[in-house]
Amino acid sequence: MPSWNIHTAHVERVLREHSPEELGIRDVNAFLFGNYIPDIYVGYMVKDITHKIAYGTTHFVEPGYIPEPAFWQFWREYALASADADGCVSDVTLGAWAHLVADNGYNHSVNAYLLAQGAKFNTQTRIMKQSDFELFGRTRDISMTCTPTDELIAQAQVFPQYPIEPVDTQAAIESARRIVRANQQGHLSHMPKYSLLSEGLFDQMTDVVNRRIVAGLMGYARQGASAPELVAEVKHA
């Protein structure tokens, strides 16, 4: 799965290319935090958490080497159900949806690439894939971090799928800040040598994921939580 440097880069890109109002985002700080949420209780990105939740539950996937999260299932079961009378959902919910869209887009593309190449789906290919994503993430020029405002903490506590405890919110914010600092210090300004994937494939995947996130959010801004772009796979976005 993409790490938080890649997720942060997508947040920065969509906000660089579109205003928050165009995307239905009311609190950018909370939206950025929402992009961390599916990973918080898995236990990899944030070590000091009060409890863990199974990866399959947080990402809507069945076990597999390179699983593809069902972001539309998350939207139908939790986001749509939590919408207010105006069809609005919280910004952390929008962010969590964007995270799952990104994970699905990257992993689906990698699976399709491996299938076309006749490569085997095994532990070795998963490790090579993660190594390539680690290198790719370091090519992202990022700077955005969250501030633990009262509004962000309140939204996290009532996240519709499961509550994020304030202490875990703070721990996640600190983890994300470390990731941004590490990315700045270890930034790669040149194309790295990938072991499984390629620069062209990463460029393609990034553009596809960005278009899907934007298409969904703009649909939400126009139509509210019932926008079809949010629950479809948006493969043609």
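The values are calculated or read from the model by the stated rules, or taken from the named source; none is laboratory data. Note that this is a predicted model, so its numbers are computed, not measured. Glycine gets a Cβ as well: all are built from the backbone with ideal geometry, and neighbour counts include every protein chain shown. Note: areas computed on protein heavy atoms with side chains; ligands, DNA, RNA excluded. Shrake-Rupley method; radii C 1.70, N 1.55, O 1.52, S 1.80 Å.
Miscellaneous remarks
- Counted as membrane-span-like here are DSSP H helices of the chain whose alpha-carbon atoms extend 18 Å or more along the helix's own axis and whose Kyte-Doolittle mean is 0.5 or above; there are none.
- Taking D91, D207, D141, D27 and ordering them by how much accessible surface each has at a 1.4 Å probe, largest first, produces D141, D207, D27, D91.
- Here the Debye sum runs over all C-alpha atoms of the range 43-186 as equal scatterers in vacuum, and log10 of I(q)/I(0) at q = 0.10, 0.21 Å⁻¹ comes out as -0.42, -1.48.
- Peptide ranges 108-119, 62-73 listed from the most packed, as the mean C-beta count within 10 angstrom indicates: 62-73, 108-119
- Legend: residue pairs K47/K120; K47/K193; K47/K129, Cα-Cα distance threshold 28 Å; pairs beyond threshold, K47/K120; K47/K193.
- Other residues lying with their Cβ under 14 Å from the Cβ of N29 contribute a combined charge of -3, Lys and Arg counting +1, Asp and Glu -1.
- Average projected area [Cα convex hull, the range 1-100], square nanometres: 7.0 nm²
- Subtracting the Cα-Cα distance of R126 and Q170 from their residue separation scaled by 0.36 nm leaves 12.8 nm.
- Per DSSP, loop trypsin sites (Lys or Arg not before Pro) in the range 97-173 with at most 11 further Cβ within 10 Å: K120
- Protein-only accessible surface order, largest first, of H7, H190 at 1.4 Å: H190, H7
- For the chain, the solvent-accessible area works out to 45 Å² per residue, with a probe of 1.4 Å and every protein chain left in place.
- Remark: the R26-S198 segment gains 58.3 nm on full extension, using 0.36 nm per residue and subtracting the alpha carbon distance.
- Cβ-placed point charges (K, R +1; D, E -1), dipole of the range 1-153 about Cα centre in debye, nearest 20: 760 debye
- Mean separation of Cα contacts under 8 Å (6+ apart) over length of the chain, as relative contact order %: 31 percent
- A full extension of the chain between Q157 and Y44 corresponds to an added length of 38.6 nm, given 0.36 nm per residue minus the alpha carbon distance.
- To put it simply, the accessible area of the chain at a 1.4 Å probe is 51 percent carbon and sulfur.
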